[in-house]
Each structure stands twice: as structure tokens, then as C-alpha cells.
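The block underneath contains the structure these notes are about, expressed in C-alpha cells.
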Amino acid sequence: MAGESTLTLPNPAVIREILVDHQVERSKTLRASARSIKVSMLLDATAFVGLVVPNGERFGLPIDVGGRTLRADLATKSLRKAAAAVALHGPTMVAVVLVGQLEAGDRLSSAGLSCMPKTPKAPSAPAA
């Protein structure tokens, strides 16, 4: 037929070679992005023994970790709850967890503090 065009497909091996070359080139330049860095830290519960929480709604808690000091802006209510949980269960029986988003200047924003009592391990049966 007049005016009819035909489509010629390249050899499948050539297509594979092009795709592999593209993937290799892309892997050299691939870069990802994220909105924030989510941080979750297990704090030393002994720091909350006998803690007297200052008045006010917010408190900047400094946290020493890995040779640097992070600062978390926390509600004083969560600090009082943490101190009460440690006083009730003892520092070895409470896990104090801090979560937040790491920002410039070693700041933790959207920080939250929670305390979870640890369950005591069942005594092991004596060997017969």
C-alpha cells in the first residue's frame, strides 16, 4: 500500500545494552532527598532520679551523645511523667525514650518523651 510506514524494532541485545548503560550511568549520579531525619534515643533513666522540673510549659533538655550535645524542646509535663515513672519503678526498670526530628544546629524539633516500664525477667528454672 502506498504511504504505509513500517516500524523496525532494534535487536533485543542492543536494547539490553542501552538499558544497562543507562542504569550504570544513573547509579553514579543517583541522589535521594528526605524532608527530615527521624531520631529515636534511649535515654539514661538515672538522669531522671530526683529530678525537679522547673515551672513553665517548655524546657530545653540538653542530651549528650557521641561527643556532641543535642537540645530537645520538651513539654515540662512529659519530664514530670518521666521523673514520676523512674521514681515509681526505679531507673533500671524504666525505658525513657526520646523521639524527634533532627534539625540544623543539633536541635530536635517535634520532640516527645515517653517512659515504658520494663517487665522483669522470669527466674530461670534450676538445673536438674
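The values are calculated or read from the model by the stated rules, or taken from the named source; none is laboratory data. The shown structure was predicted, so the numbers you read here are calculated from the model rather than taken from an experiment. Counting neighbours? That spans all protein chains shown, and the Cβs are built from the backbone with ideal geometry, glycine included.
Residues in segment 100-127 that are among the aliphatic types (A, V, I, L, M) and exposed (fewer than 11 other Cβ atoms within 10 Å of the Cβ) were compared, and the one that is farthest from Leu79 (Cα to Cα) is Ala127.
I'd like the full set of residues that are touching a residue at least 24 places away in the same chain (Cβ under 8 Å) and either over 22 Å from Glu103 (Cβ atoms) or out of contact with any Gly (no Cβ under 8 Å at 6 or more places or on another chain) (or both), limited to segment 62-74. It would help to see each step written out before you state the result.
First pass over segment 62-74, keeping only residues touching a residue at least 24 places away in the same chain (Cβ under 8 Å): 63, 65, 68-74.
Selection gives Ile63, Val65, Arg68, Thr69, Leu70.
Among the numbered conditions (1) at pLDDT 90 or above; (2) farther than 20 Å from Ser110 by Cβ; (3) exposed (fewer than 13 other Cβ atoms within 10 Å of the Cβ), the only one that Val24 does not meet is (1).
Residues checked against (1) hydroxyl-bearing (Ser, Thr, Tyr); (2) at pLDDT below 90; (3) surrounded by 14 or more Cβ atoms within 10 Å (Cβ to Cβ); (4) under 12 Å from Gly112 (Cβ atoms):
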residue	(1), (2), (3), (4)
Gly56	no, yes, no, no
Ile63	no, no, yes, no
Gly67	no, no, no, no
Thr76	yes, no, yes, no
Ala83	no, no, yes, no
His89	no, no, yes, no
Thr92	yes, no, no, no
Leu98	no, no, yes, yes
